[in-house]
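To start, the structure under review is shown below, and the notes come after it.
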Amino acid sequence: MPVQNRYRGKCKMGYIEETNELRLDFKKIAGMSGQEVIPVAIQNADTREVILVAYTNEQAMLESVRLRRLVLWSTSRNELWHKGKTSGNEFELVDIFVNCEQNSLVYKVRPMNGNICHTSYNGVANNCFYRRLDMDNMKLVNINEERGA
């Protein structure tokens, strides 16, 4: 069965984050109708790991530049998302890169206070990209478990 046919609407957040089932949200962008946003990949400036992919609009980008902190646009809440404002785990904005078509960005950031993602493995913070797709069985594998961490 094709991956997109297995996705049947939104799942509870904890389930999506902990399952080994592939449940990609191919409808995410379609549900953002009317929001003027572009994707932004967030990369750790020191380790080069991709932390997360999110969205920004002009207001969020300008706020990020002004504050030199990671500010994104929450497409689900339709508001500015000051990453780490609630948890205290903010990110310093180091660099911004613009792609050739000027329709996506890469922000290089430096975590300021510990956790990078709201998920963890054995109490240690993850990046948001902590699972690898096993292309033989189309299941997700937690890379921490592979490493024996």
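The values are calculated or read from the model by the stated rules, or taken from the named source; none is laboratory data. From a predicted model like this one, the values you see are computed outputs, not experimental measurements. We place every Cβ from the backbone using ideal geometry, glycine too, and count neighbours over all the protein chains shown.
Assorted remarks:
- Residue in the stretch 22-37 that is closer than 26 Å to ASP136 by Cβ, out of contact with any Cys (no Cβ under 7 Å at 6 or more places or on another chain) and either modelled with pLDDT of 75 or more or not in a loop (DSSP other than H, G, I, E, B) (or both) present: yes
- Figure legend. Inter-residue proximity from the stretch 108-136: first residues modelled with pLDDT of 75 or more and of a type in the set (Lys, Arg), second residues surrounded by 13 or more Cβ atoms within 10 Å (Cβ to Cβ) and outside any strand (DSSP E or B), beta-carbon distance below 7 Å, spacing 6+ or different chains. Indicated pairs: LYS108/ALA45; ARG110/ALA45; ARG131/ILE143; ARG132/ILE143.
- Condition check for ARG8: more than 15 Å from the chain's Cα centre (by Cα), surrounded by 15 or more Cβ atoms within 10 Å (Cβ to Cβ) and either among the aromatic types (Phe, Trp, Tyr) or at pLDDT below 95 (or both): no
- Odd one out for ILE96, checked against (1) farther than 15 Å from CYS128 by Cβ; (2) crowded, with 16+ Cβ neighbours inside 10 Å; (3) out of contact with any Lys or Arg (no Cβ under 7 Å at 6 or more places or on another chain): (2)
- Remark: ILE51 matches the filter, which requires a residue to be aliphatic (A, V, I, L, M), at pLDDT below 95 and surrounded by 16 or more Cβ atoms within 10 Å (Cβ to Cβ).
- Scanning the stretch 41-96 for residues that are among the polar types (S, T, N, Q) and farther than 14 Å from TYR107 by Cα, we see that the one that is farthest from the chain's Cα centre (by Cα) is GLN59.
- Residue within the stretch 55-66 that is loosely packed, with under 14 Cβ neighbours inside 10 Å and either among the hydrophobic types (A, V, I, L, M, F, W, C) or in a strand (DSSP E or B) (or both) present: yes
- Contact map, the stretch 83-103: residues that are farther than 16 Å from GLU58 by Cβ paired with residues that are β-branched (Val, Ile, Thr) and part of a loop (DSSP other than H, G, I, E, B), Cβ distance under 9 Å, separation 6+ or inter-chain. Pairs shown: ASN89/ILE116; PHE91/ILE116.
- Condition broken by ILE16, with the remaining ones in (1) exposed (fewer than 11 other Cβ atoms within 10 Å of the Cβ); (2) in a helix (DSSP H, G or I); (3) modelled with pLDDT under 90 satisfied: (1)
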